Structure formats: structure tokens, C-alpha cells
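Heads up, the thing below is written out as C-alpha cells.
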Amino acid sequence: MRRKFLNIWGDKMENSVLKALKERRSVRSYKAEQIKSGELDAILEAGTYAATGMNRQSPIIVVVQDKETIETLRRMNAEIMGTPEKDPFYGAPTVLIVLADRNIRTYLEDGSLVMGNLMNAAYAVGVDSCWIHRAKEEFESEEGKALLAKWGIEGDYAGIGHLILGYRDCEYPETRARKDNYIYKV
């Protein structure tokens, strides 16, 4: 049965999901205020409903909210980036780490879809976010492997990405125009 929540605006169909997909932007400045637990739970649940190859659900999500662990991750990430003094997490009070089981052929795609669901769900509940790279390198390092062991995570997991979460402490980024040759219809 087709859902009846589409509205016709000119020649385009719009609904709240499509609107959110178009409006969400990466934010790079955060207040120190921690996000609400209900918001976090809704975001995490959305991540678990991402499409995965053959529904094998290869990803896992690690939630980090304690300042000491975030500082460790910040330092590791900044060193990989080559700028140890920078904060690649932009002061966000929550860092989600998406990892995926390398033994499943679609692990990279699966983890990327989880990241997308997390970002869009965050926007939908009023939380800002940004995908931060270098999780792969972090969790291939001995220090990263030690963190996984400390957290009780066993298996051959690859770092897909970090998703920083919080409330923005800046103007909301404007939407850039889409490039002309984005779509080819054949």
C-alpha cells in the first residue's frame, strides 16, 4: 500500500523526508551542551535501520560522550590528518563511531548507509552533525585496536567514519546550488 503523505508542489513531489534530505548540512562549530538522551536514541535507532547488503547488518555503532575518550580520538584523528593541534571534532560533545565487519563484502557500503541514516535522523530531531573521516586509519593502528579491545569489541572491524553530534554554535550553512551535470538520464 502506498503511503498518502506526498504533496505536489509544481512538478515536484515533496514530503518531510525529502525536505530533510535537501536541507541537512554539515556543521563545524558546536556548543558544549550535551544532546538529549531521547534524541540520541532516535538517531541510533535510525542508524540500525539502514539498508545493508543481504540484510547482514555488518556495521556497529560506538557512542562516545565522555570527554577523555573524545580527547583521545581527537588527538589520534588530528595526528593522522597531520595537524595535531587541531580539533577535527569541532568541539562536538558526542562522537559516534561507525565500524563494519570486513568479512562481509558490502561492509563499506553498509557502514556508509548507516552514516547517512544517522546524519539525516540527527537533522530530523534537531541535532546537528558532520561526518569526520580517518576512522579507518585510527582503528587500524595499535592504539585504535587497543580501544576496541577495551570496549569489548571483538572481530575484524574497519572504521567507516565518525559522526559528531551536538547543537550548532554558528549560523546554519547555506545550501549550495547543485551542479548542472549531476544527473544523466539514459
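The values are calculated or read from the model by the stated rules, or taken from the named source; none is laboratory data. Being a predicted model, the structure only gives us computed values, none of them experimental. Quick reminder, even Gly has a Cβ in these numbers, built from the backbone with ideal geometry, and neighbours come from all protein chains shown. Accessible surface is based on the protein model in full, side chains and every heavy atom, while ligands, DNA and RNA are left aside. Shrake-Rupley method; radii C 1.70, N 1.55, O 1.52, S 1.80 Å.
Numbers at a glance
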| quantity | calculated |
| --- | --- |
| Filter result (under 14 Å from Ser58 (Cβ atoms) and of a type in the set (D, E, K, R)) within the range 102-147 | Arg102, Arg105, Glu109, Asp110 |
| Residues that are in a loop (DSSP other than H, G, I, E, B) and open to solvent by 50 Å² or more (accessible area, probe 1.4 Å), drawn from the range 53-77 | Arg56, Gln57, Gln65, Asp66 |
| Among residues of the range 75-126, those that are more than 10 Å from the chain's Cα centre (by Cα) and farther than 24 Å from Tyr172 by Cα, counted | 23 |
| Scope the range 28-52; condition under 23 Å from Asp156 (Cα atoms), β-branched (Val, Ile, Thr) and either in contact with a Ser or Thr (Cβ under 9 Å, 6 or more places away or on another chain) or surrounded by 15 or more Cβ atoms within 10 Å (Cβ to Cβ) (or both); matching residues | Thr52 |
| Conditions (1) open to solvent by less than 50 Å² (accessible area, probe 1.4 Å); (2) among the β-branched types (Val, Ile, Thr); (3) over 16 Å from Cys130 (Cα atoms); number of the one not met by Ile80 | (1) |
| Wholly within the range 93-186, helices (runs of 4 or more DSSP H) carrying at least 2 residues that are polar (S, T, N, Q) | 107-124 |
| Counted residues, the range 150-186 - those being of a type in the set (A, V, I, L, M) and either exposed (fewer than 10 other Cβ atoms within 10 Å of the Cβ) or at pLDDT below 95 (or both) | 3 |
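The rows are residues; the columns are (1) touching a Ser or Thr at 6+ places or on another chain (Cβ under 8 Å); (2) open to solvent by 10 Å² or more (accessible area, probe 1.4 Å); (3) more than 25 Å from Gly53 (Cβ to Cβ).
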| residue | (1), (2), (3) |
| --- | --- |
| Phe89 | no, no, yes |
| Thr94 | no, no, yes |
| Ile97 | no, no, no |
| Ala100 | yes, no, no |
| Ile104 | yes, yes, no |
| Leu118 | yes, no, no |
| Ala122 | yes, no, no |
| Arg134 | no, yes, no |
